[in-house]
Amino acid sequence: QNEEKWDFVLVSDIHEMGSEKEIKRKKFLDELSKKGFTIKKIEDTKLFYGVRAPQHIFWKYQCLLTNPDNRQQNSSAYQDVPVTTRIRVVHFILQNTVTSDLEKLHDLMKKKVFETAFPLHKKEEIREILKKKWARWRVLFKEQPIEEIRCYFGEKVALYFAWLGWYTYLLIFAAVAGLATVAAGATVFSSSQVSKEICDANNTIMCPLCDQNCSFWVLSDTCTYAKVTHMIDNEATVVFAIFSAIWATVFLELWKRERATVATNWDVYGWDEEEEELALQLINNPQHEPRLYQHSYLRSTIILIMALLMIMVLIGIAHALVIYRAVAMALFMQSEVSLLSKHADTIAVLTGAVLHYITIVIMTKVNWHVALFLCNLEKPRTFSERENSFTVKIFLFQFFTNFSSLIYIAFFLGRINGHPGHYVRIAGHWRLEECHPSGCITDLFIQMAVIMLLKQTISNIMEYLIPWISHQLRKKQKHPKKRSMMLGEEEEAEDPCKRQWLNNYELNEVNVFSLFNEYLEIVIQYSFTTIFVAAFPLAPLLALINNVIEIHMDAIKMMRLCRRMVPRKAKDIGIWLQVLEAIGILAVIGNGLVIAITSDFIPVQVYKYMYSPCTRENHTSMDCSTGYINNSLSVFHIRDFEPHTKVLPEFNGVQIKNCRYRDYRNADDYSYTVQFWHIFAARLAFLILFEHVALCVKLIAAWYIPDVPQKVKNLLLSEKHIHLQNELSTMEYCTEV
């Protein structure tokens with residue numbers, strides 16, 4: 001039975017005898033044989049080589065990396081190497097075995113000498129447990145068997161699922177708070193004075209939205225839009241934004257505690273990646289010289305400049321989307337189709353959001369190649385250094401890809417477009433978009449809703465369908481061979497490994513980035529649920545639904561559709577933690593800016609306390625925001641329109657002399673009013689106050705919740721104490737002898 005336990009399978013095409021590829025393959029397999037590996041060959045449509053490492057390799061591994069106290073007590077412990085460690089060690093040796101032509105497995109795969117190499121999914125008890133308790137849709141709301149995941153896929157994958165599970169659990173609180181905010185908006189604030197005024201403004205004539213063939217319009221036409229805006233844009237949103245900043249901190253602090261507990265239970269708390277790598281290099285080649293740390297300022301400067309150029313390109317794409325929306329708006333407005341011309345602004349925003357999603361999909365692929373190229377330029381020393389460097393670059397690029405368009409909508413839309421008679425134009429022709437009189441936050445809401453929904457539904461369907469379809473296709477390709485084998489029944493019977501190896505080969509390939517992709521997807525989603533969450537309080541709910549499905553989809557993919565991942569050891573989620581902390585700080589800044597700049601919260605408050613009827617007379621029964629809409633619209637004289645603007649001066653049979661537009665400007669020379677500067681000062685003051693309060697609360701929360709639980713600290717303390725006691729007793733025994 002032991003004879004049939006193979007660590008890895010190498011797959012190769014059948015090459016002609018004496019061909020260059022066949023010679024290279026033989027050289028590589030000979031090198032493995034010299035190291036004591038057992039090799040078994042099975043021929044099918046491809047050549048399969050099963051390899052099994054000799055026991056002395058694992059004994060060396062344990063000697064080099066085990067605590068010296070345990071070593072004396074039990075010298076035969078090397079038989080008990082966990083399967084995950086076994087696969088990891090064999091994988092390292094396979095990747096670092098050099099042939100006489102100075103080629104490694106990686107080079108041979110590039111030259112098509114070998115097609116692939118993978119560890120096997122075997123019929124183990126633990127695999128059956130995982131299939132039953134984890135990789136199926138029926139157990140959607142059950143707790144994940146993290147310990148079993150670790151025993152089968154190694155610590156790194158188990159930590160990912162532990163982190164994802166923890167994040168999903170804490171999203172419940174954020175989702176409930178988000179729902180409460182929307183519910184409060186729909187009930188308490190739906191009858192707000194501001195939206196009532198917009199709905200009653202039958203006589204407020206607004207300036208045309210485009211230059212050609214656009215008529216004036218009445219403010220009350222946009223009653224529904226105003227109601228939707230005030231569902232999102234109200235006092236509850238401010239509270240929710242502060243809650244989100246605290247939630248993000250508490251989530252990370254609690255995760256650090258959880259991680260410390262998990263790492264201690266798994267005995268990886270003090271594990272050192274560098275030491276492990278050096279040990280594996282020495283086992284593979286006792287004459288190995290370590291690669292030294294290097295740093296080049298020139299190289300760092302080149303990488304920095306290239307990364308900045310890439311970010312400029314991504315911001316340029318956001319500008320292109322802005323231009324698209326301005327042009328689309330103008331074209332839709334002039335359209336013959338009444339549906340298009342009537343809802344031109346909404347349609348322009350919606351199609352803009354869909355276009356943005358398409359650019360995200362395309363640029364993700366481009367970002368990937370650029371980040372890899374920059375990473376190779378940097379020449380990192382170890383695999384983990386390479387991974388960290390790649391993580392930071394790809395996250396930066398993805399962040400700008402996903403958020404540059406949203407940043408424009410949140411903070412620039414409607415603020416840089418000039419005013420009637422003096423519009424800012426693209427190429428001197430198309431006007432930039434304006435905000436709706438009830439505020440800009442709805443545009444941000446639509447954009448975020450479209451991107452999050454598309455991202456989660458389409459990406460998840462593709463993520464599951466592509467592996468499933470390719471697995472089915474690979475199975476189909478193999479079947480004809482199997483039928484022709486029916487005649488030679490005995491051969492099938494004499495080799496039980498063949499079916500198992502073929503089944504594993506038919507599964508989808510996995511690579512070092514398989515887990516990385518999952519992390520990146522969730523971290524970008526985390527950015528959406530924290531950074532602009534004030535504009536889209538439903539984001540945590542969407543993320544929660546997505547994650548519950550995501551966990552089990554990933555599980556099914558890993559267990560049933562993909563080959564077994566090479567287990568990796570880890571003691572935490574690595575550099576992703578710093579990335580999440582950075583997002584937490586951006587979330588405070590982002591939400592502060594959304595409330596101060598995007599939302600109408602500040603202008604309404606300034607009006608209430610400085611300009612409303614309440615300030616002049618003591619009306620306790622009166623709503624202090626009465627008259628806000630009229631106050632927030634400036635007057636424009638039609639005679640001042642630009643010469644090429646074609647507008648009919650009549651509206652509903654009445655000659656129009658003035659129209660209104662959203663801004664705080666004087667009616668005579670269109671300069672800013674004093675109220676504009678009051679609001680500007682209030683926005684700045686609120687922003688500074690909000691950010692300082694939120695950051696202080698974050699710091700207090702971080703201090704209040706210790707990173708490492710007392711239990712773990714005490715356990716580590718007692719371990720050190722026992723170790724030193726043992727050392728002392730050994731020393732005394734030696735001196736007595």
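Annotation: aspartates and glutamates with alpha-carbon distance below 13 angstrom to residue 227 (same-chain offsets under eight excluded): 197, 200.
Tell me the per residue accessible area of the chain using a 1.4 Å probe; a whole number in Å² is fine. Each step should come with its number before you reach the end.
Values: 36460 Å² over 737 residues.
Result: 49 Å² per residue.
Please give the Cα centre distance for segment 325-386 versus segment 397-430, rounded to the nearest Å. Spelled out, the Cα-based centre of one part sits 15 Å from the other. What the phi angles of segment 442-451 give under the Karplus curve with 6.51, -1.76 and 1.60, with θ = phi - 60°, is a coupling list of 5, 4, 5, 4, 4, 4, 5, 4, 4, 5 Hz, glycine and proline written as x.
Hey, if we sort 692, 471 by accessible area with the 1.4 Å probe, largest down, what's the order? All intermediate terms of the calculation are to be shown ahead of the outcome.
Details: 692 120, 471 20 Å².
The most accessible residue leads, giving 692, 471.
If you sort 405, 671 by accessible surface, 1.4 Å probe, largest first, the order is 671, 405. In this structure residue 599 has an accessible area near 10 Å², from a 1.4 Å probe over the protein heavy atoms.
For residue 724 and residue 460, the difference between the fully extended length at 0.36 nm per residue and the C-alpha to C-alpha distance is 89.8 nm.
Before rounding to the nearest 500, sum -39500 (n - 2.57) across all DSSP H runs of length at least 4 in the chain and divide by the residue total; then give [θ] at 222 nm in deg cm²/dmol. Let's see the in-between values first.
Values: 27 runs with 456 residues, N = 737.
Estimated from H runs of four or more residues: -20500 deg cm²/dmol.
With the convex hull constructed from alpha-carbon coordinates only, the chain shows a mean projected area of 43.7 nm² over all directions.
Note the full-extension length gain between residue 221 and residue 110 as 0.36 nm times their separation in residues minus their Cα-Cα distance, in nm to one decimal. Can you show the working numbers first?
Values: separation 111, 0.36 × 111 = 39.96 nm, distance 6.44 nm.
Extra length available between residue 221 and residue 110 comes to 33.5 nm.
Per-residue accessible area (protein heavy atoms, 1.4 Å probe) orders 141, 513 as 141, 513, starting from the largest.
Note on residue 203 and residue 166: the model spin-label points, each 7 Å out from Cα along the C-beta direction, lie 6.3 nm apart. The fraction of accessible area contributed by carbon and sulfur in segment 8-120 is 52 percent, rounded to a whole number (1.4 Å probe; ligands and nucleic acids excluded).
Each residue was assigned an accessible area with a 1.4 Å probe, and for residue 169 the value is about 110 Å². Taking 7 Å steps out from each Cα toward its Cβ at residue 617 and residue 383 produces label points 7.8 nm apart. In the chain, once you exclude exposed GluC sites (Glu not before Pro) (DSSP loop, at most 15 other Cβ within 10 angstrom), what's the longest stretch remaining? Longest gap between qualifying sites, sites excluded: 144-335. Taking a ≥ b ≥ c as the square roots of the eigenvalues of the Cα gyration tensor, an a/c ratio of 1.5 or more together with a/b larger than b/c marks segment 8-120 as prolate. Residue 233 sits with roughly 10 Å² accessible to a 1.4 Å probe, with DNA, RNA and ligands left out of the calculation. Taking label points 7 Å from Cα along the Cα-to-Cβ direction, residue 26 and residue 337 give a separation of 6.9 nm. Its relative contact order, with pairs defined as Cα atoms under 8 Å and 6+ residues apart, puts the chain at 21 percent. Going down the list 455/569; 60/379; 111/131; 131/571, which pairs span over 27 Å between their C-alpha atoms? Correct reply: 455/569; 60/379; 111/131.
The values are calculated or read from the model by the stated rules, or taken from the named source; none is laboratory data. Note that this is a predicted model, so its numbers are computed, not measured. All Cβ positions, even for glycine, are placed from backbone atoms using ideal geometry, and neighbour counts span all protein chains on display. These accessible areas exclude ligands, DNA and RNA; they are computed on the full protein's heavy atoms, side chains included. Shrake-Rupley method; radii C 1.70, N 1.55, O 1.52, S 1.80 Å.
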